[in-house]
Each structure stands twice: as structure tokens, then as C-alpha cells.
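Read-outs throughout are calculated quantities, based only on the coordinates presented, and are distinct from any laboratory measurement. A quick note: this is a predicted structure, and the numbers were derived from the prediction, not measured. Here the Cβ positions follow ideal geometry from the backbone for every residue, glycine too, while neighbour counts run over all protein chains shown.
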Amino acid sequence: RDYVNKTVTAQLNHFSVYALLGLGPAPDLDKFTVYPNPVRANNPVYFNNLTAETMIKIFNLAGELVQTLGNDGDNIELWDTTNSAGEKIASGIYIYLITDESGNKKTGKLAIIR
């Protein structure tokens, strides 16, 4: 899977018919998950079971905004652990705030290990 380009590739050894089904946005944030946590080295972070039109803001412990991610209606959003300038962030604890168009909110902590 390539979450950045939103593609799936597979090698097949025979002729068959396959279907690729995607999950639409979740109805609410009750089953939201973030993984892996902690995240190591240059691995991405996945925010899963998101609602439509979700905004994800990531802050450092000083309360400074590090990155803002906007979900385009998918069930999942990928963060490459960079700040808004495209630079890799330092090891540490970060806070995420997730809001959607219905006013639902979720907060949590995320550990980055470099």
C-alpha cells in the first residue's frame, strides 16, 4: 500500500477478477486509533477511523503548532513526522487534536523516537 499516492499494487500469477474496496469515513470518532505509538525512526504515523472533513493538529509540549493535516474524506490519514516546513521533527512527546465538521474532538499523546 502507498498511502501517500493512494495506490495498491499486487503481483498475480493467474487470471482472476478482483475488487478493491475502500472504507469511507467513520460516522464518529469513537473508534479512532493512532499507530504505531511510539513511532520509531522514519516511519509514518497513521490516524485511522476518521470522520469526513477531519482536521488534525499536532503540537509540541510547549503548545507550539508543529503540523496541520486535513483529511479529504478518507478513513485514514498519514503523517510523515515532519513539521509544516517539511523538516523531520525531534524525538519527544507530541499532542494531537482532531476535530471534525460536526464539532467532535479527540486528543492524545504521540511519542516520536529517532
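Where in the chain is the longest stretch that carries no chymotrypsin sites (Phe, Trp or Tyr not before Pro) classed as loop by DSSP and with at most 12 other Cβ atoms within 10 Å?
Looking at the chain, 19-114 is the longest stretch - no exposed chymotrypsin sites (Phe, Trp or Tyr not before Pro) with at most 12 other Cβ atoms within 10 Å.
Take the Cβ-Cβ distance between T68 and N13 as r, set R0 to 41 Å, and report the resulting FRET efficiency rounded to the nearest 0.05.
Once rounded, the FRET efficiency stands at 0.40.
Considering all alpha-carbon pairs of the chain, what whole percent are spaced by more than 19 angstrom?
Beyond 19 Å sits 49 percent of the P(r) for the chain.
Under the classification rounded if a/c is under 1.5, otherwise prolate if a/b is larger than b/c and oblate if not, where does segment 40-98 fall, given a ≥ b ≥ c as square roots of the Cα gyration tensor eigenvalues?
prolate
Quick one: how many lysine pairs in the chain have C-alpha atoms under 17 angstrom apart, if they're 8 or more apart or on different chains?
Counting lysine pairs in the chain gives 7.
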